[in-house]
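All of the numbers you see were taken from the coordinates with simple rules; none came from a lab. In this text, all values refer to a predicted model and were calculated from it rather than measured experimentally. Quick reminder, even Gly has a Cβ in these numbers, built from the backbone with ideal geometry, and neighbours come from all protein chains shown.
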Amino acid sequence: MGVSQRAILSPLLGLGFAWVLFMFASWSNLFIQPEYDAAGNFISDGPSVRPATYLALIGIALFAYGAFLGLRLSSRERAEGETHSPLALAAFRLGNLSVIIALAGGAIFAIVNFLEAFGGRNTESLGERILGVYLPIVLATALVVVLLLFSFVFRPSSPESSETDRQKATSRQKSLGWGYALPILAAAIAIIFGLVVYDVTGTSLEAWVWVLIQVLIASGIILGTRFARRAKSEEPPAPKPRTAWASGAWNLNFVLSIVFGGVVSVMAFVFGTGAFEKLRDYNFDYAGWEIEPLTLSWIVSDFSPALVLIVLVIIGLYATITERHRAEL
């Protein structure tokens with residue numbers, strides 16, 4: 001298997017591992033029951049510290065690593081190669097797209113945890129709050145920043161680059177790094193600040209607290225723009241000359257393949273999560289639920305379609321991309 005094939009397969013396998021961990025997360029959520037007081041009044045939807053939170057985060061991290069590995073392999077092949085085959089460029093584009101999806105997944109994960117942290121959990125200890133809310137947000141932010149910097153900023157220079165060009169590239173990389181990272185870090189600090197205020201006061205955030213949060217976010221954007229302007233003002237190293245690589249038909253087929261993979265991937269995650277939701281046997285008063293056992297009927301009728309779909313994404317995308325860009329003999 002060549003470098004381009006491995007670069008294509010890497011994010012697809014990362015997606016498969018992410019799906020498996022998300023399914024375990026859905027299964028573990030079945031054991032998290034809502035909490036009620038002695039009078040039967042609703043207290044909360046369960047503790048903050050949940051295995052599903054970390055299983056989902058690990059799944060996103062595995063997909064991010066697969067995407068980064070695919071992008072790094074394809075970038076290295078394009079930097080070292082004299083000619084650029086359609087398959088190499090397809091692998092590079094798939095790696096870029098996969099990294100962007102992983103970045104979006106990490107950001108959405110942090111935002112969802114932030115929004116779910118409000119209400120109904122003020123009786124928990126500080127340790128439970130840190131493990132259940134703050135630590136996942138910090139880890140997701142770190143994942144996004146590290147993936148962003150190493151995927152799009154700290155790329156290796158071309159072997160033909162001179163020492164002067166490499167020094168210029170390093171200077172630009174530092175400015176680009178701050179330009180990318182500062183807005184994300186500022187947003188994370190603002191989110192954590194809002195949660196701290198909410199936990200300390202036990203009430204909804206006042207208007208001036210929201211103002212401070214927006215000031216922090218705006219400051220990060222402004223500072224990030226400043227460093228981005230510095231990076232843009234520096235003259236980048238001259239790119240290697242490139243030859244024509246493909247026709248419009250290849251572009252169309254690649255786009256159609258990605259659209260197919262995206263739609264079917266969403267279906268696999270939705271069907272899989274829905275299959276585990278069917279194992280909830282609600283009580284008559286809806287105060288909690290019983291967990292139905294795993295049966296052959298459930299596996300065949302509910303869970304297997306999701307499994308087949310995610311396998312179809314991995315095999316179908318790999319076969320489609322490699323076949324459409326196979327060199328004619």
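Annotations for the structure displayed:
- Charge context of Gly70, other residues only, Cβ under 13 angstrom, K/R +1, D/E -1: +4
- Exposure proxy ranking, count of Cβ atoms within 10 Å, fewest first, for Ser257, Ser28: Ser28, Ser257
- Calculated FRET efficiency, Gln214 to Arg6, Cβ-Cβ distance, R0 = 45 Å: about 0.55 to the nearest 0.05.
- Residue-by-residue Karplus 3J(HN,Hα) for the stretch 136-153, coefficients 6.51, -1.76, 1.60, Hz, glycine and proline x: x, 5, 5, 5, 5, 5, 4, 4, 5, 5, 5, 5, 5, 5, 6, 8, 10, 10
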